[in-house]
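Nothing in this text is a laboratory measurement; each read-out follows from the coordinates by a stated rule. Keep in mind that this is a model prediction, so the values were computed, not measured. Note that each Cβ is placed from the backbone with ideal geometry, even for glycine, and that neighbours are counted across all protein chains shown.
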Amino acid sequence: MKKSPIIAIVLVAGLTSMPGRVEGQAGNPLSAGAKRTYGVIKGYITRAATKMPEENYSFKPTPEVRSFGQLIGHLADANYMFCAAAGGEKAPMGGFEPGTVSIEKAKTSKADLEKALADAFAYCDKVHGAMTDAAGAVTVKFMNGELAKLSILEFNTHHDFEHYGNIVTYMRLKGLVPPSSEQ
C-alpha cells in the first residue's frame, strides 16, 4: 500500500501547531504530555467561557440538560475533585465531597463562574506542575477503586474534552464559533 505524502504533511502540520515542549519533558515524558494535553483543553474551555455572552449562560438547548453556566460550574467542580485526588489532597472547593458547596449549583453569573473556573484550573496547574512520571505511577484511592495519579489527571482531561463537546454545540446554537474552530 502506497502512503500518501499528504497524510504525512497533515500529520506534521498538526503536531507543529500544538503548543511547544513542556518543561521537564525530557525526564518526564508521560506527565509532560499529560500537562500539554490538559493545557489545550484548559485554553479551549477558558476562551469559550469568556466568549459566551452573559445572557447565554442560562441557555439550555433542551430543559433536561445543564445550562451553559452549569456546564462551566460542573467543570470547575470536577477539576477540583480530580486534581485533588491526583494531588493526594481533599478538594478545597467543589460539590462532590460531603460538606462542600457545588459551584455548579451555587454560582450563576458569568463573572462568578469564570472566576471559579480559573481558580479550579489554577489548582490543577499546581498539581500538573508538581507531577512527575514516577509520582504519576503511584496509585491512590479513587472513586470505587485505585488508579494511578497520572491516570486520574488524564481522566480529568478526558472529562473536560467531553464537556467541551457540549460547549461547542451550545456555542454553535448561539451563532458563536468555538475556540477550537477559530483560525
Lys, Arg +1 and Asp, Glu -1 on Cβ, resulting dipole of the chain about Cα centre, debye, nearest 20: 480
Which labelled figure in (i) 260; (ii) 168; (iii) 127 is volume of the Cα convex hull per residue in Å³, once derived from the coordinates: (ii)
Dipole axis of the range 88-174 (+1 Lys, Arg; -1 Asp, Glu on Cβ), positive-most option in 99, 170, 155: 170
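Could you line up 150, 173 from fewest to most neighbouring Cβ atoms inside 10 Å?
Values: 150 23, 173 12.
The most exposed by this proxy come first: 173, 150.
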FRET efficiency, 1/(1 + (r/R0)^6) with R0 30 Å, evaluated for residue 182 and residue 109 via beta carbons: 0.75
Average Cα contact separation per residue, the range 57-182, under 8 Å, 6 or more apart, as relative contact order %: 26
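Per 0.36 nm of contour for each residue apart, how much would the distance between residue 97 and residue 125 grow if the chain were fully extended, relative to their Cα-Cα spacing?
On the way: separation 28, 0.36 × 28 = 10.08 nm, distance 2.07 nm.
Result: 8.0 nm gained on full extension.
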Label point distance in nm, residue 134-residue 161, each placed 7 Å from Cα along Cα→Cβ: 2.9
Alpha carbon centroid spacing (whole Å) that separates the range 127-161 from the range 74-115: 17
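At R0 = 35 Å, how high is the FRET efficiency between residue 50 and residue 144 if r is their beta carbon distance? Nearest 0.05 is fine. Don't jump to the answer; show the numbers that get you there.
Values: r = 36 Å, r/R0 = 1.03.
Rounded to the nearest 0.05, the efficiency is 0.45.
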Long-range amide H partners of residue 132 with built H, under 5 Å: none
Other-chain or far-sequence residues with amide H under 5 Å of residue 59's (modelled H): 68, 69
